[in-house]
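Below: one structure, written as structure tokens.
The values are calculated or read from the model by the stated rules, or taken from the named source; none is laboratory data. Small disclaimer: the values here were computed from a predicted structure and weren't measured. Glycine also receives a Cβ, built like all others from the backbone with ideal geometry; neighbour counts cover every protein chain displayed.
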């Protein structure tokens, strides 16, 4: 089954404790991206990757890091989480060219206290 | 700053009613317009990707139209059912891999 898998789905953590949210897709997609969803705001892009070892900042990259060492994986790293990073996070992937369907993971609820 | 706006923010309709929502987007640098259906606790699911001005797409009882010259798209649901209850998102695609999402229209269909 074609899917985008994120882990963990739910996490409560403390300020400053580094964490990684993993994302994996099994569709051989070139493009992967991370979004955050906050009340009253649309999905906002954090980082995206056009292919292995090619990443770029989205609209809200501060406080996040990413890496793309393999085509299928695109982890999101919070080096020193802060309460303003409490949010619902989505990983997504699509074939390389714009104009294609974007496939989303089921989301990761992250709370930083 | 590019902005995508959706209206209404939310609406309630009775089962069997037809309804429609609007997505407004920049009319310049247009590549595609995406529509997604998002149920609570699930991942957003693609409905349509629209690229051509005047395009109309249909999937069951749901259809969409696109006007790239004036920067809007309409999503229509005919004969709404309770299972149509969800948030409907649109996203502006300028062909640069950076997608701009609207805040969504939350639909509740009452049985």
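Quick notes
- Of the residues making up segment A:59-76, those that are closer than 22 Å to residue A:28 by Cα and touching a residue at least 24 places away in the same chain (Cβ under 8 Å) are A:66, A:68, A:71, A:72, A:73, A:74, A:75, A:76.
- Check on residue A:96, touching a residue at least 60 places away in the same chain (Cβ under 8 Å), part of a loop (DSSP other than H, G, I, E, B), within 14 Å of chain B (Cβ to nearest Cβ) and more than 13 Å from the chain's Cα centre (by Cα): yes
- Single residue of segment B:18-41 satisfying the filter (within 10 Å of chain A (Cβ to nearest Cβ) and in a strand (DSSP E or B)) that is farthest from residue B:103 (Cα to Cα): B:32
- Of the listed requirements (1) in contact with a strand residue (DSSP E or B) (Cβ under 8 Å, 6 or more places away or on another chain); (2) surrounded by fewer than 20 Cβ atoms within 10 Å (Cβ to Cβ), residue A:17 misses just one: (1).
- Among the candidates A:48, A:35, A:64, A:89, residue that is in contact with a strand residue (DSSP E or B) (Cβ under 9 Å, 6 or more places away or on another chain), farther than 19 Å from residue B:43 by Cβ and crowded, with 20+ Cβ neighbours inside 10 Å: A:64
- Only strands (runs of 3 or more DSSP E) whose full extent lies in segment A:1-87 are considered here, and the ones with at least 1 residues that are at pLDDT 95 or above, within 19 Å of residue A:106 (Cβ to Cβ) and within 13 Å of the chain's Cα centre (by Cα) are A:4-7, A:19-25, A:31-37, A:44-51, A:76-78.
- Of the residues making up segment B:64-111, those that are assigned to a loop (DSSP other than H, G, I, E, B) and either touching a strand residue (DSSP E or B) at 6+ places or on another chain (Cβ under 7 Å) or buried (at least 18 other Cβ atoms within 10 Å of the Cβ) (or both) number 10.
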